[in-house]
Amino acid sequence: MQKIRGIESFHIFEYQDVSFTKDGKEKNIEFTSKKILCHGAYIKLIYNYRKGVTSWEAINKSGMQPKALYNLKMEESENN
């Protein structure tokens, strides 16, 4: 929240990206956040099929599920 001249304003940031399930399956995902995410950050998403992304947290690459990490490495090698 930001307060400018007595007026409160909220900023919502929208994100669209490819994610991987804990089983390593690729999934296109959209979610919003009140915070700006760092470019190249690794994010663990909590996803509900009816509600979408309900929460997220920044993690280290070492905190990723092995199958998701493998698929991410494969995708990165294809793009280079």
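Taken together, the values in this text are just the output of simple stated rules run on the coordinates, not laboratory data. No experiment lies behind these values; they were computed from the predicted model shown. Cβ sites come from the backbone with ideal geometry, for glycine too, and all protein chains shown count toward neighbours.
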**Request:** Determine, from the Cβ-Cβ distance of Thr54 and His11 and an R0 of 25 Å, the FRET efficiency 1/(1 + (r/R0)^6), rounded to the nearest 0.05.
**Result:** 0.80
**Calculated [θ] (222 nm, deg cm²/dmol) that DSSP helices of n ≥ 4 give over the chain, each run adding -39,500 (n - 2.57)** = -5500 deg cm²/dmol
**Ranked by how many other beta carbons lie within 10 Å on average, peptides 18-27, 55-64, 32-41 from highest** = 18-27, 55-64, 32-41
**Asked** Nearest 10 degrees, 0 to 90: what angle lies between the long axis of helix 66-79 and the longest principal axis of the chain (Cα atoms)?
**Response** 90
**Complete:** Taking Cα pairs closer than 8 Å and at least 6 residues apart, the relative contact order of the chain in percent is 25
**Prompt:** Under 21 Å Cα-Cα from Lys35, which lysines qualify once same-chain neighbours fewer than 8 residues away are excluded?
**Reply:** Lys3, Lys44, Lys51, Lys61
**Message:** Through the Karplus equation 6.51 cos²θ - 1.76 cosθ + 1.60, θ set to phi - 60°, convert the phi angles of the stretch 49-60 into ³J(HN,Hα) values in whole Hz; use x for Gly and Pro.
**Reply:** 4, 8, 9, x, 6, 9, 6, 8, 8, 6, 10, 7
**Message:** Using each residue's phi in the stretch 30-38, evaluate 6.51 cos²θ - 1.76 cosθ + 1.60 at θ = phi - 60° and report the 3J(HN,Hα) Karplus result to the nearest Hz, with x for Gly and Pro.
**Reply:** 10, 7, 10, 8, 7, 10, 7, 8, 6
**Complete:** Among (1) 14.4; (2) 13.7; (3) 12.9, the value of Kirkwood radius over Cα pairs in Å computed for this structure carries the label (1)
**Asked** Dipole of the stretch 2-79, Cα-centred, from +1 at each Lys and Arg C-beta and -1 at each Asp and Glu C-beta, to the nearest 20 debye?
**Response** 380
